[in-house]
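Here, each number is a calculation from the coordinates, and none is a lab measurement. Treat the numbers as computed from the prediction; the structure is a model and nothing was measured. Reconstructed Cβ throughout: ideal geometry from the backbone, glycine too, with neighbour counts over all protein chains shown.
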């Protein structure tokens, strides 16, 4: 490995064909977030800055750049759904990323079925093998080093309910790769799917 490193400071620009930041921090899980406004108008959108942040209670979070329909809806009703993006669902996920008017139902646009939830009014994607029902725990605007607010909102939610296709449970253990989850890479449109043959097991020291 070369000792030489390409160096840049983000505030001065990266000088490359595409910003490498989100390609380096990746691949990243996709937050396929369902929401609806106070009038029941549905929204479904993928967010690539998404992850899990706590075990008990389970908390997931994602950020949205710009005050999009997702953020507006969640601010109004304080709940949202998450559905796993798998290889068979990538085209639907991509379709739901289109910039459309707030009254457009992305479930219909993407050709997926809204499945009713038990604890929240927001539906989940019926075709997805794994879904969460969430209520907001925190929602705030991010700030830079000078304390200035940036055009990005962070949203955390506690997972109230989990739906899992039993086909991906073996001896009580969820088989991550069997579901063929798709994750986001860098570049204008880079994605990866996780394959079972790439799995390896490594125990923690002392376990």
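So here's what we get for this one:
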quantity: Inter-centroid distance (Cα atoms) of segment 179-193 relative to segment 98-142, Å; calculated: 20
quantity: Separation in nanometres of the label points that stand 7 Å from Cα toward Cβ, at residue 105 and residue 198; calculated: 3.6
quantity: Cα extents of segment 100-141 along the three principal axes, largest first (Å); calculated: 31, 27, 16
quantity: Translational D in µm²/s for segment 85-207 (Stokes-Einstein at 4 °C, 1.567 mPa s, Kirkwood Rh from C-alpha pairs); calculated: 73
quantity: Zone of residue 38's modelled label, taken as backbone nitrogen in segment 53-69 under 16 Å from a point 7 Å along Cα→Cβ; calculated: none
quantity: Choice from 105, 19, 144 showing the highest fluctuation, given a GNM over the chain with Cα pairs closer than 10 Å; calculated: 144
quantity: Efficiency of FRET between residue 150 and residue 113 - r from beta-carbon atoms, R0 41 angstrom, step 0.05; calculated: 0.70
quantity: Relative packing of peptides 33-41, 154-162 - highest average C-beta neighbours within 10 Å first; calculated: 33-41, 154-162
quantity: Over segment 1-143 - Rg/Rh using Cα atoms and the Kirkwood inverse-distance radius; calculated: 1.03
quantity: Gaussian network model of the chain, springs between alpha carbon atoms under 10 Å - residue of 45, 98, 110 with greatest fluctuation; calculated: 98
quantity: Whole-Å semi-axes of the ellipsoid equivalent to segment 166-207 (Cα gyration tensor, √5λ, descending); calculated: 25, 17, 8
quantity: GNM flexibility winner over the chain from 108, 149, 127 (Cα, springs under 10 Å); calculated: 149
quantity: Two-decimal Rg to Rh for segment 45-98 - Kirkwood Rh, Cα set; calculated: 0.98
quantity: Computed helical MRE - 222 nm, the chain, DSSP H runs ≥ 4 contributing -39500 (n - 2.57), nearest 500; calculated: -2500 deg cm²/dmol
